[in-house]
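Everything on this sheet refers to the single structure shown next.
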Ligand SMILES: Nc1ncnc2c1ncn2[C@@H]1O[C@H](COP(=O)(O)OP(=O)(O)OP(=O)(O)O)[C@@H](O)[C@H]1O
Ligand SMILES: [Mg+2]
């Protein structure tokens with residue numbers, strides 16, 4: 001089960017077209033190829049603005065991939081996110097990939113525990129299992145029990161981030177995408193996140209993440225891909 005590639009990027013390129021700026025094209029990446037195997041954690045590195053978050057968003061299907069292929073394994077077959085239909089991408093998110101974005105998009109009036117359990121049910125857990133796993137995760141992430149029934153809209157940044165992490169981890173997907181999961185956490189909670197992510201990796205999950213914190217990167221990542229090498233160079237336009 002472990003060591004099989006779970007994610008493969010082949011010659012991926014991305015640029016943004018700024019429609020509000022007269023269609024100016026902003027090149028970001030080109031020629032990016034790498035794989036992530038089950039049981040390994042790969043970190044995306046490189047300076048701010050090199051496209052680390054954009055790569056995670058392309059893999060999750062939030063950003064369109066302009067060039068190349070992004071293949072994710074789903075029940076034994078490869079699915080190319082770059083050319084898959086929205087319906088196929090939704091199925092992939094249910095079964096094959098979990099995503100922890102940097103910020104929680106808060107749904108009003110739904111309590112933290114329900115929010116996490118709902119993500120578990122979306123990925124196929126039954127009601128009881130989703131509820132039990134949500135409680136376990138929120139407990140391990142030290143979210144005070146008095147907050148569990150409250151909507152996260154008024155939570156602190158670190159509390160919201162932990163709800164977000166619990167939502168991303170509950171599904172037990174074979175591929176996990178983490179965008180700076182510990183950015184606003186204290187040392188104790190950073191350690192809790194490292195422990196959970198390691199446990200997933202060691203049980204055969206392929207993890208692709210961005211970790212600014214050197215300590216977190218050292219604790220989790222088996223290798224790093226420097227996106228600075230794939231940054232598009234824009235030729236100066238002739239005037
Ligand atoms: N939706 C978008 N529309 C236009 N440009 C975008 C969009 N998203 C990202 N960009 C641009 O693409 C480049 C890469 O952004 P991205 O967020 O992927 O960088 P990053 O490596 O994650 O940076 P950081 O380390 O600061 O988080 C940036 O120049 C950014 O301005
Ligand atoms: Mg980023």
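The values are calculated or read from the model by the stated rules, or taken from the named source; none is laboratory data. Since the structure is predicted, the reported quantities are computational estimates derived from the model, not experimental observations. Cβ placement follows ideal geometry from the backbone for every residue including glycine, while neighbour counts extend to all protein chains displayed.
If you scan segment 5-47, which residues turn out to be in a loop (DSSP other than H, G, I, E, B) and touching a residue at least 24 places away in the same chain (Cβ under 8 Å)?
38, 39, 40, 46, 47
Out of 195, 171, one residue alone is farther than 19 Å from residue 43 by Cβ and in contact with a helix residue (DSSP H, G or I) (Cβ under 9 Å, 6 or more places away or on another chain). It is 171.
Residues checked against (1) away from ligand 2 (no atom under 16 Å from the Cβ); (2) modelled with pLDDT of 95 or more:
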site: 4; (1), (2): yes, no
site: 10; (1), (2): yes, yes
site: 22; (1), (2): yes, no
site: 34; (1), (2): yes, yes
site: 39; (1), (2): yes, yes
site: 46; (1), (2): no, no
site: 50; (1), (2): no, no
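Criterion first (away from ligand 2 (no atom under 16 Å from the Cβ), in contact (Cβ under 8 Å) with a residue 40 or more places away in the chain, in contact with a helix residue (DSSP H, G or I) (Cβ under 8 Å, 6 or more places away or on another chain) and under 22 Å from residue 36 (Cβ atoms)) does residue 95 satisfy it? Here the answer is no, as residue 95 does not meet what is asked.
Scanning segment 169-220 for residues that are more than 16 Å from ligand 1 (Cβ to nearest atom) and assigned to a helix (DSSP H, G or I) yields a total of 21. So, residue 24, is that one in contact with a strand residue (DSSP E or B) (Cβ under 9 Å, 6 or more places away or on another chain) and surrounded by fewer than 19 Cβ atoms within 10 Å (Cβ to Cβ) or not? Considered against the rule, which asks whether it is in contact with a strand residue (DSSP E or B) (Cβ under 9 Å, 6 or more places away or on another chain) and surrounded by fewer than 19 Cβ atoms within 10 Å (Cβ to Cβ), residue 24 comes out as yes. Checked against (1) out of contact with any helix residue (DSSP H, G or I) (no Cβ under 9 Å at 6 or more places or on another chain); (2) more than 16 Å from ligand 2 (Cβ to nearest atom); (3) touching a residue at least 12 places away in the same chain (Cβ under 8 Å); (4) not in a loop (DSSP other than H, G, I, E, B), residue 83 passes all but a single condition, namely (4). In this structure, does residue 105 turn out to be at pLDDT below 95, out of contact with any strand residue (DSSP E or B) (no Cβ under 7 Å at 6 or more places or on another chain), within 16 Å of ligand 1 (Cβ to nearest atom) and assigned to a loop (DSSP other than H, G, I, E, B)? Answer is yes for this residue.
Restricting attention to segment 48-63, the residues that are assigned to a loop (DSSP other than H, G, I, E, B), out of contact with any helix residue (DSSP H, G or I) (no Cβ under 6 Å at 6 or more places or on another chain) and near ligand 1 (Cβ under 7 Å from one of its atoms) total 2.
Taking the criterion of being loosely packed, with under 15 Cβ neighbours inside 10 Å and in contact with a strand residue (DSSP E or B) (Cβ under 9 Å, 6 or more places away or on another chain), the residues of segment 69-87 that qualify are 78, 83. Looking across segment 52-61, the residues that are within 13 Å of ligand 2 (Cβ to nearest atom) and under 25 Å from residue 85 (Cβ atoms) come down to 53, 54, 55, 56, 57, 58.
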